[in-house]
Amino acid sequence: MAKSPYYLTTPIYYVNDRPHIGHAYTTLACDVLARFKRLDGHEVHFLTGTDEHGQKVEKSAQAAGKDPQTFTDEVSQNFRNLAEDMNYSNDDFIRTTEERHLKAAQAIWKAIQANGHIYLDSYAGWYSVRDEAFYAEGELTKGEDGQKLAPTGAEVEWVEEPSYFFDLSKWQEPLLKFYDENPDFIGPDTRRNEVVSFVAGGLKDLSISRTSFKWGIPVPDDTDHIMYVWLDALTNYLTAVGYPDEDNPDYSKFWPADLHMVGKDIVRFHAVYWPAFLMAAGLPLPKRVYAHGWLLNKGEKMSKSLGNVVLPEDLVSQYGLDPVRYYLLREVPFGNDGYISHETMVSRINSDLANDIGNLAQRSLSMIAKNCDGVIPTPGAFTDDDNALLSSAHAVLDDVRSQFDQQAFHRGLETLWKVVGDANRYVDAQAPWALRKTDPDRMATVLYVLAETIRHLGILIQPIMPDAAARMLDQLEIAPDARSFSHLGPDHALVAGTELPKPAPVFPRYVDEEAAD
């Protein structure tokens, strides 16, 4: 039976600076889920891209001495490079300066307006250029010098200008009803509770156009105004599947989106404004918005002003791509804030990767090379211990799938590593090196069971560490077309007599240069 298509998106990244580890983290989570879903038999559409309009971009371009289009062309390319450097498997990369997006953004405006939910008035209030957000007086805080600040700590300025408004206040009850009827729409629960509380506290109509600058998408039929950057940006999720052409096969196949992955700082835009815009336009709502926490550098939020921003290319250069991919999703419970450090990185590389799964594969395959003439041995009857290990390997997919569907990537990896632990304890208990002399037939069975367990682990770690997994599976002579999740289980077990290449380590230990010296 064919599985349903799956559409997931990263937030659309703002192009006022180069990408840092926070951008890499969000897109990595989406990449792992996209790869997992493909291996699990789904047709996947995985979208990322760049948000290139707004006052903040215009000011950044001016500061760089460039026109906005040239500036965004350069910075957007940095995000494309990040996708390549981190081995992301996105199916599309969208830019909000593209013609297809202008059409979609103006189309959703017209749909909302035609349904009577946009009106012209004037705006007077506090606006944060950094956040591209409006704030009520009661939301503001004070800086050390008494200056008014947004709740995020960003500077705000008083803005007075003509503006089109979206009647957001009318959507309070429909939104609360939707949250109630769709309890999984917002994750994790802490973010859901925040959003429900915010909406229940009352919504005010939202200013959705600006006249004081020009870098944006013109409002249809009134080019004195440009569209509010968030209405423009959020529409990218529709643009990428063919909207406003609702007869487009991608639109009918992939919309509504299965998952919008975002950082916790933009959950309000995705879980309040976006569903309200879609309701007002008469369009289906996405199925889930998941807002993860921040990666902290030794306890502090990364920022240019603190000088503690971690660049993904620096991590990859120092530790290797697949170890970094594993570490980022294993170290911090996804959804929470958590810190990253050199010490915890080295611990994960040497303990989880080199000692646990790396050593399991290396010693098992080396014993097959040495004691079985380098071919998959012929097993005898399986004992209870054999069946226990194989059963845990066969059954783990269901648990991992359930955890990944809830974006609990850290728990999914914990579950996989329980099988790694079971396999290592099995090796120690069975002692195949001793069986070589006392019971070579039993040794052959034990090594077969280990090789079959490694096959399962190699297939299952592909979404997280695609290159390392490929090297593991190559050493078992698993054909490229036999690596999907449909090949898990006893029906596709290793064939005795298959010749294997000489084994090689997949996960080397990390040695600190200072420690080595």
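Quick notes on this one:
- Across region 65-80, the number of residues qualifying as open to solvent by less than 50 Å² (accessible area, probe 1.4 Å) and over 15 Å from the mean Cα position of the chain (by Cα) comes to 5.
- Test: residue in region 38-51 that is open to solvent by less than 50 Å² (accessible area, probe 1.4 Å), under 30 Å from residue 489 (Cα atoms) and part of a helix (DSSP H, G or I): yes
- Listed conditions (1) part of a helix (DSSP H, G or I); (2) over 30 Å from residue 79 (Cβ atoms) are all met by residue 345, apart from (2).
- The numbered conditions (1) in contact with a strand residue (DSSP E or B) (Cβ under 9 Å, 6 or more places away or on another chain); (2) surrounded by fewer than 22 Cβ atoms within 10 Å (Cβ to Cβ) are all true for residue 54 except (2).
- Residue within region 479-498 that is in a loop (DSSP other than H, G, I, E, B) and without any contact (Cβ under 8 Å) to a residue 60 or more places away in the chain present: yes
- Selection count, region 134-156, where residues are in contact with a Ser or Thr (Cβ under 8 Å, 6 or more places away or on another chain) and in a strand (DSSP E or B): 5
- Where a residue in region 65-80 is in contact (Cβ under 8 Å) with a residue 60 or more places away in the chain and its partner, wherever it lies, is open to solvent by 60 Å² or more (accessible area, probe 1.4 Å), with Cβ under 6 Å and at least six apart: 78/18
- Out of 411, 348, 436, 425, sole residue that is at pLDDT below 95 and not hydroxyl-bearing (Ser, Thr, Tyr): 436
- Residue that is nearest to residue 507 (Cα to Cα), among those in region 367-380 that are open to solvent by 30 Å² or more (accessible area, probe 1.4 Å) and not hydrophobic (A, V, I, L, M, F, W, C): 370
- Within region 320-366, considering residues that are acidic (Asp, Glu) and touching a residue at least 12 places away in the same chain (Cβ under 8 Å), the one surrounded by the most Cβ atoms within 10 Å (Cβ to Cβ): 322
- Check on residue 430, surrounded by 14 or more Cβ atoms within 10 Å (Cβ to Cβ), on the phi > 0 side of the Ramachandran plot and not aliphatic (A, V, I, L, M): no
- Within region 10-41, being more than 9 Å from the chain's Cα centre (by Cα) and within 17 Å of residue 466 (Cβ to Cβ) holds for 35, 36, 37, 38, 39, 40.
- Among the residues of region 154-168, the one identified as among the small types (Gly, Ala, Ser) and more than 20 Å from residue 232 (Cα to Cα) is 154.
- Restricting region 226-282 to residues that are in contact with a Lys or Arg (Cβ under 7 Å, 6 or more places away or on another chain) and over 26 Å from residue 409 (Cα atoms) leaves a set whose member that is surrounded by the fewest Cβ atoms within 10 Å (Cβ to Cβ) is 244.
- Near pairs, Cβ below 8 angstrom, 6+ apart or cross-chain, from region 116-131 (closer than 26 Å to residue 149 by Cβ and touching a residue at least 24 places away in the same chain (Cβ under 8 Å)) to any residue that is assigned to a strand (DSSP E or B) and hydroxyl-bearing (Ser, Thr, Tyr): 122/163; 123/163; 123/207; 125/135; 125/207; 126/135; 127/135; 128/135
- Sole residue being assigned to a helix (DSSP H, G or I), in contact with a Pro (Cβ under 6 Å, 6 or more places away or on another chain), open to solvent by less than 20 Å² (accessible area, probe 1.4 Å) and of a type in the set (Gly, Ala, Ser), chosen from 61, 83: 61
The values are calculated or read from the model by the stated rules, or taken from the named source; none is laboratory data. Since we're looking at a predicted model, the values are computed, not measured. FYI the Cβ positions are ideal-geometry reconstructions off the backbone, even for glycines, and counts take in every protein chain you see. Note: areas computed on protein heavy atoms with side chains; ligands, DNA, RNA excluded. Shrake-Rupley method; radii C 1.70, N 1.55, O 1.52, S 1.80 Å.
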